[in-house]
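As structure tokens, the structure follows; a few thoughts come after it.
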Amino acid sequence: MKAAIILPLLLSSFVMTTSAYAEELTPEQLDMVIQMSVNQMKTEGEFAKMATCTNQSEAKVESVFRTVMRTCVERHMLDENDEKTTACLVSNFSDKLGISAETFTACTEES
């Protein structure tokens, strides 16, 4: 099976936020977590890969990531439910990019 690119990064960022704090993050802490995730994904070229696959600009993919990450962390802060979190990420990311969930998932996979 192919390994996902973006979803593990999104989930690892989410897990980091929920395991590091027993209660909700402050807005400043959430901004910091999102920025750390963005920096990691930029370094690893993930926004460029997703932009190419979805025929979107890298800036748009990054902007959508920031919005989706915030939305899903705020909704599922204390759930500790990876399936709900993944569903939130896939649904919101694909919707905001204007692509199907299947296309988004295919774009996050790489051998």
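Among the helices (runs of 4 or more DSSP H) confined to the stretch 39-111, the ones with at least 3 residues that are more than 25 Å from GLN29 (Cβ to Cβ) and either open to solvent by less than 60 Å² (accessible area, probe 1.4 Å) or of a type outside the set (Lys, Arg) (or both) are located at 46-54, 82-97, 101-107. Taken as a whole, the condition of being basic (Lys, Arg), at pLDDT below 90 and farther than 18 Å from SER100 by Cα does not apply to ARG66. Suppose we filter the stretch 26-38 for residues that are in a loop (DSSP other than H, G, I, E, B) and open to solvent by less than 20 Å² (accessible area, probe 1.4 Å); how many remain? The qualifying residues number 0.
The values are calculated or read from the model by the stated rules, or taken from the named source; none is laboratory data. Here the structure is a predicted model, which means the values were calculated and not measured. Positions of Cβ are generated from backbone atoms using ideal geometry, with glycine treated the same way; all protein chains shown enter the neighbour counts. Keep in mind that these areas ignore ligands, DNA and RNA; they rest on the heavy atoms of the full protein, side chains included. Shrake-Rupley method; radii C 1.70, N 1.55, O 1.52, S 1.80 Å.
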